[in-house]
Structure formats: structure tokens, C-alpha cells
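**Q** Shown below is the structure under consideration.
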Ligand SMILES: Cc1cc2nc3c(=O)[nH]c(=O)nc-3n(C[C@H](O)[C@H](O)[C@H](O)COP(=O)(O)OP(=O)(O)OC[C@H]3O[C@@H](n4cnc5c(N)ncnc54)[C@H](O)[C@@H]3O)c2cc1C
């Protein structure tokens, strides 16, 4: 059975896959571009299940791809939303100090923000209270006026509609069963492909290995749970984040004000036992359990970047009272009774360097003249996507 031939095949209809497909189509209008997605619609994994924050770009060191694409990506995503009539919540964000020991962390974020060209203000505790009367902070804080929120599912639906309108062939419910240089196999048969872009999120490392890439690397899944507030919209005026532990890629328990003005707590970063473990039994795969278990065990033994402590702390966050208790360090008037509803979790496709037992912090792109593999498209890849897609397409074009 033959699935025909195409110039470009994109594996995965997340935000990376769709923005890359649109950009390839724009650059090569005479070429065929096909997106293959295993699910019945685009954006059913991380891209449709994230916090929806358009990050301003001050967490990342200036030499990183994250820093390079975050400011432009956020600006372009806001323009895209305005153009398509999608909602953008312009609530900004406060980064607070839980104790004075966090002041060094605030200074480091200010330094990174300045290096990355991000608009930030170092403010006093009193100024922070003017912005958000309920905020708790020890002495000072950072105000980021350009942090915004969107509804990621709305954005994904708009991108999918754009793909169809612009002649990208978006094939849903068509899983990639195997792939190698110049070909892809799906239930519809073998497809001959000029260039393959692997944007398969949680499975990107597996697919990359079929091409001889992602050597020594393994994706391990971390679950992000959200607890939703019953308080009315605008009960919190702005998102509130703690100073994160910059040794790992997670931002700690925080409040995000959604596009509709409601606040949510989360996301957690709880290690999963298999890749799409959204619920206790959902999408169980024994092979993955063994591989993820081995990777987590390696991290546990090495304990580089304080993994044991992180994992133990994160596992406790399945408890509503623990999660709310930690969030209550950031704002006053926060009670367990107001936070009764866990929302849809998302799972991060976090890349691990097996040999060094380290989580990879930056995006990673590997490839050659026949294929390009996007690995470690973790946060803020949603924010960066429109700018990052240009970078991926530059790599594809250079390789031709
Ligand atoms: C809890 C959480 C919160 C986050 N918050 C933010 C945030 O606030 N701001 C931000 O910028 N970023 C955030 N992120 C990160 C952001 O969501 C991701 O970086 C981004 O969505 C990655 O997009 P992607 O296209 O690489 O992956 P995905 O969205 O996972 O897409 C990959 C696609 O590939 C498909 N696929 C996999 N295997 C196959 C196969 N064999 N055949 C066909 N299709 C396949 C999958 O079904 C999926 O649709 C968050 C992530 C999580 C999990």
C-alpha cells in the first residue's frame, strides 16, 4: 500500500508542527506539505494543555535558543491573536521573594531580563501591593508588564484552520508507525518524503532514533496539574510567581490569571511513569514504564540538581492542601475551600542527557539533509513557536 509522496512531512500537529508547516508552506508555495498527527485533532497534548502564558523571556540565559526566540515569539503570538480575534489576557506578572534569601534570585532574573531585552521593573513591596493588593513578598519584587495569557486550545484551532486554508494537508488520526530517511510509514502505507520534520513532542526522541539522532538522550515525562479557583474573575489582578530554582527548568507553584480573569494554581512537575499518563491508568505502556523508570532511577542515584528533593516535593503536590498551602505563600486570602477543581493536566516532554544525568535546559534541534528533529520543545516553546518555526525552517533550507 502506498501513501504517495510529499516534499515535506511534519510529524506531529502540536504548536511546533503547525507553525513549522505554515512557514514551510509560505517559503515554498510550490511544494507539498503534509502534517501527520496520531490524534483525531491538532493540539491534544502539551500545546493544548499548557498554562497559556506568553512568557516575557527573563528566565533564560542570553546564550540560549529560549532567550533568542521568546521576546519575538511573544510579540508575534500577541499579533497573531489580535489578527485572528483571539483573546489575550494582559494581566502581567509579579515575581516575588518568599524570604530575603530570594533577593539574589530576583537580581539574577533582572540581569537575564536586561540581557534578553525584556521590559522589567524592580519594585518595592509597597509598589507590588499597588499592582496586586493580595500579594505577599519579602521586601521587593519584579513586575513584568509584558507577560500575557492566551487560551492555548483557541490558538491551536486557529493554527489548524490556517494550515487547511493555506494548503497544508493536515492528516489527523494518522499515526507514524515508523520512519527513516526519505520515508514514513502510517496505517495508510509508505509515504516517500523529501524532508521530514519530527515535531512529535513526547515521542520525538523515539522517532529521531530511527534516523540515528537523539543519541544518549531520552524524553522523560513530567505532569503539570492545575487547581482552579472558585473565586470570581479578577479576584487576583495579575499572575504571581515565586523565584524559581534556576538549576531545573520548572517555575515552582504559582498563580496564573487566565484569559477569562480566573486564577489557577500550578502546574506541578510530577514525574510520570509513562509518557501519556494523564490519569492513573490512561494510555498505559509497559515498555515505557521500564524505560522511564530506568531514567528516573538514574536521576535519583546521581541526584544532580537536587532531583531527589524535587521529586519528593512534587509527588506531595497530588494533595490539594499541599498545593494550595504553597500557593498561599504568594498571596493572602488563599484557602483550600476556594480550590476544589483540578483541571486537565499537561505533560512536559523533558529531555534527559542519560550519561550526565542532567535535564537539558534549552531547545535542541538535530538533523541532516533528509530530516530535522525538534527535541526538548519544553516551555516556553508555545510562546516562542512563531519565531522558533523560522529557525527550524532556516535549518531545513540550509540542509537542502
Ligand atoms: C503543564 C505545561 C505547562 C506549560 N505552560 C507553558 C506556558 O505557559 N507557556 C509556554 O510557552 N509553554 C508552556 N508549556 C510548553 C508548551 O506547551 C510546549 O513547549 C509546546 O506545546 C510543545 O509543542 P510541541 O508541538 O513540540 O508538542 P506537542 O503539543 O506535544 O505536539 C506533539 C504532537 O505530536 C503527536 N505525535 C506524537 N507521536 C506521534 C506519532 N508517532 N505519529 C503522529 N503524531 C505523533 C502528538 O499526538 C502531539 O499532537 C507548557 C507545557 C506543559 C506540559
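**Q** Between residues in region 186-211 that are at positive phi and residues that are modelled with pLDDT of 95 or more and within 12 Å of the ligand (Cβ to nearest atom), which pairs lie under 8 Å by C-beta distance while being six or more apart or on different chains?
**A** Pairs that qualify, where the first residue is at positive phi and the partner is modelled with pLDDT of 95 or more and within 12 Å of the ligand (Cβ to nearest atom), are 201/12; 201/14; 201/16; 201/45; 201/46; 201/47; 201/349; 201/377.
**Q** Still on this structure, I have one more. Among the residues of region 340-368, what is the count of those that are closer than 15 Å to residue 49 by Cβ and away from the ligand (no atom under 16 Å from the Cβ)?
**A** The total comes to 0.
**Q** Given the criteria in contact (Cβ under 8 Å) with a residue 60 or more places away in the chain and surrounded by fewer than 15 Cβ atoms within 10 Å (Cβ to Cβ), does residue 399 qualify? Steps first, please.
**A** Working: in contact (Cβ under 8 Å) with a residue 60 or more places away in the chain: yes; surrounded by fewer than 15 Cβ atoms within 10 Å (Cβ to Cβ): yes.
When the stated conditions are applied, residue 399 passes them.
**Q** Can you tell me which residue is nearest to the ligand (Cβ to nearest atom) among those in region 24-66 that are assigned to a helix (DSSP H, G or I) and over 20 Å from the mean Cα position of the chain (by Cα)?
**A** Only one residue tops the list, namely 24.
**Q** Which ones in region 153-169 are part of a helix (DSSP H, G or I) and in contact (Cβ under 8 Å) with a residue 24 or more places away in the chain?
**A** We begin by selecting, within region 153-169, every residue part of a helix (DSSP H, G or I); these are 153-165.
Result: 153, 154, 155, 156, 157, 158, 159, 160, 162, 163.
**Q** Just one of the numbered conditions (1) surrounded by 14 or more Cβ atoms within 10 Å (Cβ to Cβ); (2) free of Cβ contacts under 8 Å to residues at least 60 places away in the same chain is not true of residue 321; which one?
**A** The failed condition is (1).
**Q** Here's a follow-up. Just the residues that are under 23 Å from residue 77 (Cβ atoms), surrounded by fewer than 23 Cβ atoms within 10 Å (Cβ to Cβ) and out of contact with any helix residue (DSSP H, G or I) (no Cβ under 8 Å at 6 or more places or on another chain), please, taken from region 132-148. Reasoning before the result, please.
**A** We begin by selecting, within region 132-148, every residue under 23 Å from residue 77 (Cβ atoms); these are 142-148.
Subsequent filtering for residues that are surrounded by fewer than 23 Cβ atoms within 10 Å (Cβ to Cβ) retains 143, 145-146.
Listed by number, the list holds a single entry, 145.
**Q** Still on this structure, I have one more. I need the full set of residues from region 104-131 which are surrounded by 15 or more Cβ atoms within 10 Å (Cβ to Cβ) and either at positive phi or touching a strand residue (DSSP E or B) at 6+ places or on another chain (Cβ under 7 Å) (or both), in order please.
**A** Matches in region 104-131: 106, 109, 110, 120, 123, 125, 128, 129, 131.
**Q** Out of everything in region 1-23 that is touching a helix residue (DSSP H, G or I) at 6+ places or on another chain (Cβ under 8 Å) and assigned to a loop (DSSP other than H, G, I, E, B), what residue ends up being farthest from the ligand (Cβ to nearest atom)?
**A** Within region 1-23, the first condition is being touching a helix residue (DSSP H, G or I) at 6+ places or on another chain (Cβ under 8 Å), and the residues that meet it are 8, 10-16, 18-23.
Remaining after also requiring assigned to a loop (DSSP other than H, G, I, E, B): 12-14.
Details: 12: 3, 13: 5, 14: 2 Å.
Checked region 1-23; the qualifying residue farthest from the ligand (Cβ to nearest atom) is 13.
**Q** Also: For region 302-313, check the following and say yes or no: at least one residue is surrounded by 20 or more Cβ atoms within 10 Å (Cβ to Cβ) and touching a strand residue (DSSP E or B) at 6+ places or on another chain (Cβ under 7 Å).
**A** Pass one, region 302-313, residues surrounded by 20 or more Cβ atoms within 10 Å (Cβ to Cβ): 307, 310.
Restricting the remaining residues to those that are touching a strand residue (DSSP E or B) at 6+ places or on another chain (Cβ under 7 Å) gives none.
No.
**Q** Just name the residue that is nearest to residue 299 (Cα to Cα) out of those in region 229-248 that are within 15 Å of the ligand (Cβ to nearest atom) and either within 18 Å of the chain's Cα centre (by Cα) or modelled with pLDDT under 95 (or both).
**A** By that ranking, first place goes to 248.
The values are calculated or read from the model by the stated rules, or taken from the named source; none is laboratory data. Keep in mind that what you see is a predicted model, and the values were worked out from it rather than measured. Cβ sites come from the backbone with ideal geometry, for glycine too, and all protein chains shown count toward neighbours.
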